Amino acid sequence: MASKLFGGANLSDIARSVKDRGDPSPFDKPGAVRPVLPAAELALTARVTSELQRENIYLVDPKRVRPWAHHNRSAVWYTRERCQDLIDSIGKGEQQEPALARKLKGDPDFDYELIYGMRRRFACEAIGRKLKLRVVEADDSRAAVLMHEENADRQDITPMERALSFQALLDGKVFTAQDALAEAMNLSKGQVSKLLKAAGLLRQGSIGGLFGDTSTVPVDQAYKLAVLMDRTGAKEVILQAAKNLGRDGQSRAAAEILRLLIGSLDRSKKFQPIQKRYNVGTARHVMVSRNARGKVTLAFAEGLQGVDKTDALKAMEEIMKDLG
């Protein structure tokens, strides 16, 4: 699929041309300069030119490299356990693929801003190795395209991480509208709309707080629930169900949480509205109401003062029996 925004250039091919996947060469030495096709320029203009531009690859202290504000990696990835594959690989040999970064100016704590390669950075820091960086000039929109093309085929970037990243790009005004984001990422408007709808679910009431690791939230189920919440009266039921799940303290997988929230609508349909008067002793009564969502209200016409305890308990037993 080609992007009209980028003049018909295939972004997957562009991204592959930016990455270093070749055999080791003399140009991989620290500070070496290699000639490459201007892939980043191609990505934004689709201009083909015979000119070559110079691109630097460096070995740097990973502690001097900060993440880009819009990187699409969840923080849960940055543990020794989750980066052990890279730690072992780099520890036994060398970093095969450079990370991609921009040069920073005026920051006393960091020299580079990482566009992609956060796990590589973590692994290098963990074993005290220098991080291999390819340094490019890229504005935020170009950086976003390069980052997402780099990670598009990686199994460890979840669909929800991508959805949340797209939402962050819109929040940060990197792209001003969904349509512009979709075209830049070489995706259909429908695909982007679905991802954003799913990501938006986690901002609804207490729903986001139910997930210890939002990256594991299934996009399809999240999208389904988000669509259900648009129905009249459904949002209140689902948000109340989310509060109830949050209070019970049980640990549940993300898919199970979404299943329970989706099912809360079906459970609410089982309640038939009720309005019935019950006697409390011989001189008092209570009006019991239940709405379609199961909310029960008791109204004592004469108040509770002077109510006989035995009469009240007997009335409650009758009410509970009728309500099931």
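No lab work stands behind these numbers, since they all come straight from the coordinates. Everything quoted here is computed from the prediction, not taken from an experiment. Quick reminder, even Gly has a Cβ in these numbers, built from the backbone with ideal geometry, and neighbours come from all protein chains shown.
With contacts taken as Cα pairs under 8 Å and at least 6 residues apart, the stretch 282-322 reaches a relative contact order of 32 percent. The local environment of Leu104, defined by Cβ-Cβ distances under 10 Å, has a net charge of +1 under the rule Lys, Arg +1 and Asp, Glu -1. Each part gets one Cα centre, and for the stretch 230-266 versus the stretch 115-183 those centres are 32 Å apart. Oblate is the label for the stretch 189-268, because the ratio a/c of its alpha-carbon gyration tensor axes (a ≥ b ≥ c) is 1.5 or higher and a/b is not greater than b/c.
Using only side-chain charges placed at the Cβ, +1 for Lys and Arg and -1 for Asp and Glu, the dipole size of the stretch 274-323 relative to its Cα centre rounds to 260 debye. Pairs spanning more than 18 Å between alpha-carbon atoms, out of Lys194/Lys224; Lys63/Lys130; Lys105/Lys173; Lys276/Lys321; Lys173/Lys224: Lys105/Lys173; Lys173/Lys224.
Per-residue 3J(HN,Hα) values for the stretch 168-181, derived from phi via the Karplus relation 6.51 cos²θ - 1.76 cosθ + 1.60 with θ = phi - 60°, read 5, 5, 6, 4, x, 6, 5, 10, 8, 8, 4, 4, 5, 5 Hz in sequence order (x marks Gly and Pro).
One decimal place: the segment Ala69-Ala312 gains 81.3 nm when fully extended, by the rule 0.36 nm per residue minus the C-alpha distance. The stretch between Met287 and Arg203 holds 26.4 nm of extra length on full extension. This uses 0.36 nm per residue minus the Cα-Cα distance.
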